Structure formats: structure tokens, C-alpha cells
Amino acid sequence: MPTEFSVDTSRRLILTRASGTLTLADITAARRQLCADPAFDRTFNELFDLRDVTEVAISAAEFEGIAGNSVLARGVRRAFVVTSNAHLDLAHVFGKVAEAHGQRVLVFRHIDAAEAWLAAGRDP
């Protein structure tokens, strides 16, 4: 499953898009690439677009590990965009786990709403 990202420095935003089956290996590989990107700034917010994900093959323990070892700074905003009810529930579970590690996560069904929330939390 490809997980792609880009860094929008003007909006101080990391744009991540996943498709197909989402796995821990995909998340790990994407994080490595992101950290190697010279434009990466761990204080940027993140928009994680999961609308093209068909399956999430990540266990509860793996969710905990992902959240507990975030490459992003505490307090940044992370918006997850989903379309299916199953992915909505999983994103909410991840959000609860991530919040215990100081992350601010909201789940959206519409990308415009997610972008508006992220922009509202950005420092000028």
C-alpha cells in the first residue's frame, strides 16, 4: 500500500495520503522518508487522507507504538479524513491512544473541514 507525503512549508502542513491496505510497515517507511525530507518540521500539523484505504491491518498494540513514537511534536494538530464507518471507528481509536501521548487528533469525513481545523490551529 503506498503511503505518500508532501510538506507544504507555506501552510506549515504535512500532507499524507494512503491507499489500499494500511500496515505498520507502510507507516514506518513513510516516517523514515518524511524525516529525511529537508522540508520536514516536526512542529507542522498533519492532514492524513485515508479516503482511499480499503483495509487497516494494524493491531491495537501497533497503534499504541505508532502513537507513542510519533515523529511530530506534542500538541500539533493531526486531522484524519475517512469515508467508511469502519475507518471512522479505527481513526477515533487511534486518536484516543494518540491523545494520551500529547497529540491533538480529530477525525473528519470531509477534507475541507479538516483543512479548516488545521488552518485555525496554525500559529501565524
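The values are calculated or read from the model by the stated rules, or taken from the named source; none is laboratory data. Predicted, not measured: the structure shown is a model, and the values here were computed from it. Cβ atoms come from the backbone with ideal geometry, glycine included; neighbour counts cover every protein chain shown.
A few remarks follow.
- Residue within segment 77-89 that is under 23 Å from CYS35 (Cβ atoms), charged (D, E, K, R) and surrounded by fewer than 18 Cβ atoms within 10 Å (Cβ to Cβ) present: no
- Selection of segment 107-124 for residues being aliphatic (A, V, I, L, M) and either in a loop (DSSP other than H, G, I, E, B) or out of contact with any Gly (no Cβ under 7 Å at 6 or more places or on another chain) (or both) yields ILE111, ALA113, ALA114, ALA116, LEU118, ALA119, ALA120.
- Among the residues making up segment 1-25, those that are outside any strand (DSSP E or B) and surrounded by fewer than 16 Cβ atoms within 10 Å (Cβ to Cβ) are PRO2, THR9, SER10, ARG11, LEU24, ALA25.
- Among the residues of segment 26-56, those identified as surrounded by fewer than 13 Cβ atoms within 10 Å (Cβ to Cβ) and of a type in the set (A, V, I, L, M, F, W, C) are CYS35, ALA36, ALA39.
- Residue in segment 81-102 that is at pLDDT 90 or above, closer than 17 Å to ALA18 by Cβ and outside any loop (DSSP other than H, G, I, E, B) present: yes
- Those residues of segment 58-71 which are part of a loop (DSSP other than H, G, I, E, B) and either aromatic (Phe, Trp, Tyr) or free of Cβ contacts under 8 Å to residues at least 40 places away in the same chain (or both), in sequence order: ILE58, SER59, ASN69, SER70
- Residue check for PHE48: within 13 Å of the chain's Cα centre (by Cα) and either of a type in the set (Asp, Glu) or more than 23 Å from ASP8 (Cα to Cα) (or both): no
- Criterion: within 14 Å of PHE5 (Cβ to Cβ), out of contact with any Asp or Glu (no Cβ under 6 Å at 6 or more places or on another chain) and either at pLDDT 85 or above or assigned to a strand (DSSP E or B) (or both) - qualifying residue of ARG42, ARG51: ARG42
- Any hit, segment 62-71, residues being closer than 23 Å to GLY121 by Cβ, out of contact with any strand residue (DSSP E or B) (no Cβ under 8 Å at 6 or more places or on another chain), of a type in the set (A, V, I, L, M, F, W, C) and surrounded by fewer than 13 Cβ atoms within 10 Å (Cβ to Cβ): no
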